[in-house]
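S.K.: Got a structure for you, written out below as structure tokens; questions coming shortly.
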Amino acid sequence: MLTETVADTVMALVLSTSRRVVEVANRVKAGEWTKSIGPDWFGSDVHHKTLGIVGMGRIGMALAQRAHAGFGMPILYNARSQHPQAEERFNARYCDLDTLLEEADFVCLILPLTAETHHLFNAEKFAK
């Protein structure tokens, strides 16, 4: 199974987004690197920021473990049902989708694409 591979990839995307890795790499390639790029280009910390996980199946659990153990991130999650194991292992908190979007610093969708999940997120949801 690709559970661990996908969880690693999602965590890498969270890190690269928060630290602006692609933007900085593009500046380096364009020859815009000087002595220092300055603190604004370092992006934001991930440590102790809140991660919202939509979908707490195998991949969501693997992602929660990485975020909680590796980065001390509080975990919020939304799923069809509560997962006591996630709550016990990662001190994760089950909440409705609107609460998750309002409180999480980073949101990861770990859902299969189905008729039910298609267009689950739109401009209104992202505005939260």
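The values are calculated or read from the model by the stated rules, or taken from the named source; none is laboratory data. Everything quoted here is computed from the prediction, not taken from an experiment. Positions of Cβ are generated from backbone atoms using ideal geometry, with glycine treated the same way; all protein chains shown enter the neighbour counts.
S.K.: Provide a single number: the residues in the range 93-128 that are of a type in the set (Lys, Arg) and modelled with pLDDT of 90 or more.
M.R.: Selection size over the range 93-128: 1.
S.K.: I would also like to ask the following. Keeping to the range 11-23, report how many residues are of a type in the set (Asp, Glu) and within 11 Å of the chain's Cα centre (by Cα).
M.R.: 0
S.K.: Moving on. Tell me, yes or no, whether the range 69-84 has at least one residue that is under 18 Å from residue 3 (Cα atoms), aromatic (Phe, Trp, Tyr) and touching a strand residue (DSSP E or B) at 6+ places or on another chain (Cβ under 6 Å).
M.R.: yes
S.K.: Is at least one residue of the range 56-65 within 23 Å of residue 2 (Cα to Cα) and in contact with a Pro (Cβ under 8 Å, 6 or more places away or on another chain)? Working first, answer last.
M.R.: Pass one, the range 56-65, residues within 23 Å of residue 2 (Cα to Cα): 56-65.
From the residues that got through so far, the ones that are in contact with a Pro (Cβ under 8 Å, 6 or more places away or on another chain) too are none.
Taking every residue of the range 56-65 in turn, none turns out to be within 23 Å of residue 2 (Cα to Cα) and in contact with a Pro (Cβ under 8 Å, 6 or more places away or on another chain).
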